[in-house]
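Have a look at the structure below, then the notes.
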Amino acid sequence: MGRELGRGGCESAVEAKACYYNVDTGAPLFAAFFEDQAEVKREHAKQFLRFLRRHEGKICLPVIQRPDLDNWGTGVQALESALELENKLAKLLQDLKTLASANSETDLLRFMGKYLDKQKRNIGYLEHQLLYHKKVEKQEQEEDTFKKPAEVSGKQT
């Protein structure tokens, strides 16, 4: 259970960082989502701690290493990193739900239900954004390819 809590705290830091991946060009459209999710993940971690204390659960926080990347070069890279973390968190939450089900912990099952639903929505949103931004990035690359021959020949398109 402590793994989920620790992972949520780590992801909030990663998502907060991801929203500032390129300060020079301004924040991307999904920056607000990252900022919101950082706050939401912190709040979920606090709620989970309160739940464990109320039910006299053991709290064992794992050591969470900071991400390898300090700066995502593109929005697509930031989205891919966030999606990877969200998928890991979803797996941890699902494992916790399975364990709670096997041990007939109905309070924990009810508590976990809303988090899994939110997690699925977040993953869906990130997948949608990733597809959209990959498409935009591909279009920009194609436009650059068309512009380069005109620049080389000195003609304008």
ask   = So how much slack lies between Glu84 and Glu56, counting 0.36 nm per residue of separation and subtracting their Cα-Cα distance, in nm?
value = 6.9 nm
query = For the residue pair Glu43 and Thr145, what label-to-label distance in nm results when each label sits 7 Å from Cα along the Cα-to-beta-carbon direction?
reply = 4.5 nm
note = accessible surface per residue for segment 87-146, probe 1.4 Å, DNA/RNA/ligands not counted, whole Å² -> 67 Å²
ask   = Which of the peptides 78-86, 114-122, 44-52, 132-140 is most tightly packed, and how do the rest follow, going by the mean number of other Cβ atoms within 10 Å of each residue?
value = 78-86, 44-52, 114-122, 132-140
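Going from most exposed to least, what order do Ile123, Ile59 have by accessible area with a 1.4 Å probe? Could you put the intermediate results ahead of the total?
Numbers: Ile123 20, Ile59 65 Å².
The residues order as Ile59, Ile123, largest area first.
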task = For His128 paired with Thr74, estimate the spin-label separation in nm (one decimal), with each label point 7 Å from Cα along the Cα-to-Cβ line.
result = 2.2 nm
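The values are calculated or read from the model by the stated rules, or taken from the named source; none is laboratory data. Treat the numbers as computed from the prediction; the structure is a model and nothing was measured. Counting neighbours? That spans all protein chains shown, and the Cβs are built from the backbone with ideal geometry, glycine included. Only protein heavy atoms, including side chains, enter the accessible area calculation; ligands, DNA and RNA are left aside. Shrake-Rupley method; radii C 1.70, N 1.55, O 1.52, S 1.80 Å.
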